[in-house]
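Here's the structure we're looking at; comments come further down.
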Amino acid sequence: MEEDRRSHAIALLSSPGVGHLIPLAELARRLARDHHFTVTLITQSAGPISEVEQNLTDSIPKDINVVSLSPPSPSSIPDGLELGPLIFLTINHNIPRVRAILQSLATSSVSPLAALVVDLFCVGAFSIAQEIGVPPYMLYTSPCMMLSFCLYLPTIDAMYQVEYKDLTEPLCLPGCVPLHGRDFPDPLHHGRNSEPYKGVLWLVNQFPRAKGILVNTFQELEPGVIKALKDDATVPAIYPVGPLIRSCTPGPTNGGDCLAWLDKQNRGSVLFVSFGSGGTLSAKQLNEVACGLEMSGHPFLWVVKSPNDHDAAGTFFSVQSKTEPLAFLPQGFLERTKDSGLTVPSWAPQIEILSHESTGGFLTHCGWNSALESMVNGVPLIVWPLYAEQRTNTVLLVDDVKVALRPIADENGFVTREEVSRVIKCLMEGVEGKRLRAKMATVSNQSSHATSTTGSSSESLCEIVLEWKNNK
């Protein structure tokens, strides 16, 4: 076995951000543990590494070679640079170092490199793979519906002249539920002539260069779109290998209070509220969420981030808020809800909370890692998308998979306290909530089987592993 382990090597390249590192790290773990590859995982950060990211890196098994690249110097980052440009600035900064690492791995006499697998933002490294004669692959960390949208975006771009938000009819992608322009990914709302839009168009035009695309989803969750993409001869080979999620939550060691509090609650009674490692609300919206939780009368466990009136992804790289989040809550809120709710600042052990028997619902920003973690644990959702592809994820979960409710927002995206309370009651005590809970239980069983020895995702991973082992 050790000889087999030494004879095959794989390199994985992650883009900045905990949400992108999580599925790459889990893929690395499975390739090393189950398929005996020598694995090198290259990680990137746009700034000082957060405690959560450091703990995630530290949790990766020692037989995986983790290479953490230094971030760009602060002086090279323009003030006020938005999330997308900052990610690409970091990736471009690291290209020379990535090239050197891959060249060294490719010329190893012990374990020559069989393939390079990159995160979707790192497709520029396909050129390096071509230079060194290594086949390039991509791990797409969002659902297959979103991958389909990306692959067809050049066609969509040529079809329409108006701004996507002004489309009068929904887009119907093969195997997908209809998608309205307002639910297209965030960068596409900047305008067709904007730099963010041009950047996305360049990015998705690189996807067909991949020899294959691994997707963090599973056959039973998205059968229609997976079949449609596999039947399309213009699309690279598709390998659904998910769910790739954490087995436990890496982070600070202060999560015990949350679990002790949950131990005292009734089974399925608690609504977990978290907008992910990066999501932030405006001060006004934060106040409405607090008032809505209080109005609902339901037990809740809420991870509160300091508000940000300018950036819905305000803690994407830092996770922890820079100021005390609880100070922004309505006056008297903590005292009034002390018997029914637990409010914690910045971070909580999400995996452990979702797997706890007292947790009966999850109000989430609909980042794909959080959605998958909820599916695995059978917890139905209230989905509140904030940025990136989260609106598209929301359409999949609400309209197609039917495991989630979406609050009704006004024309400015604002959700009132009355609506927050209504949707919580609907999920936690209504007939609709019971239906969603039953469907989510089915999805949970399907996700568990998908990654079992004979499951669809395990077989899909075995298929591509065989291809890689034949590449040596």
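The values are calculated or read from the model by the stated rules, or taken from the named source; none is laboratory data. A quick note: this is a predicted structure, and the numbers were derived from the prediction, not measured. So basically every Cβ, Gly included, is an ideal-geometry build from the backbone, and we count neighbours across all protein chains shown.
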Practice task
Test VAL215 against the criterion of being closer than 30 Å to ALA409 by Cβ, of a type outside the set (S, T, N, Q) and outside the structural domain of GLY361 (by TED's automatic domain parsing), and give yes or no.
Solution key: yes
Problem - Test: residue in the stretch 140-156 that is of a type in the set (Val, Ile, Thr) and free of Cβ contacts under 8 Å to residues at least 12 places away in the same chain - result: yes
Practice task
Can you tell me which residue within the stretch 355-378, out of those that are over 14 Å from ILE22 (Cβ atoms) and aliphatic (A, V, I, L, M), is surrounded by the most Cβ atoms within 10 Å (Cβ to Cβ)?
Solution key: MET375
Practice task
For residues that are surrounded by 20 or more Cβ atoms within 10 Å (Cβ to Cβ) and without any contact (Cβ under 8 Å) to a residue 60 or more places away in the chain, tally how many sit in the stretch 123-133.
Solution key: 2
Handout entry: Subset of the stretch 161-181 (residues that are of a type outside the set (A, V, I, L, M) and either exposed (fewer than 14 other Cβ atoms within 10 Å of the Cβ) or touching a strand residue (DSSP E or B) at 6+ places or on another chain (Cβ under 8 Å) (or both))
Key = GLN161, LYS165, ASP166, THR168, GLU169, PRO170, CYS172, PRO174, PRO178, HIS180, GLY181
Practice task
For the stretch 109-131, name all the residues that are in a strand (DSSP E or B) and aromatic (Phe, Trp, Tyr).
Solution key: none
Handout entry: Selection status of THR57, under 25 Å from SER457 (Cα atoms), under 19 Å from the mean Cα position of the chain (by Cα), surrounded by fewer than 20 Cβ atoms within 10 Å (Cβ to Cβ) and in the same structural domain as ALA11 (by TED's automatic domain parsing)
Key = yes
Handout entry: Test result for ALA388, crowded, with 19+ Cβ neighbours inside 10 Å, modelled with pLDDT under 95 and not charged (D, E, K, R)
Key = yes
Exercise for the section: Tell me, please, whether a residue that is closer than 30 Å to LEU86 by Cα and either charged (D, E, K, R) or part of a loop (DSSP other than H, G, I, E, B) (or both) can be found in the stretch 353-366. Expected result: yes
Handout entry: Extreme residue, surrounded by the fewest Cβ atoms within 10 Å (Cβ to Cβ), among residues of the stretch 395-417 that are touching a Lys or Arg at 6+ places or on another chain (Cβ under 6 Å) and closer than 18 Å to HIS180 by Cβ
Key = LYS402
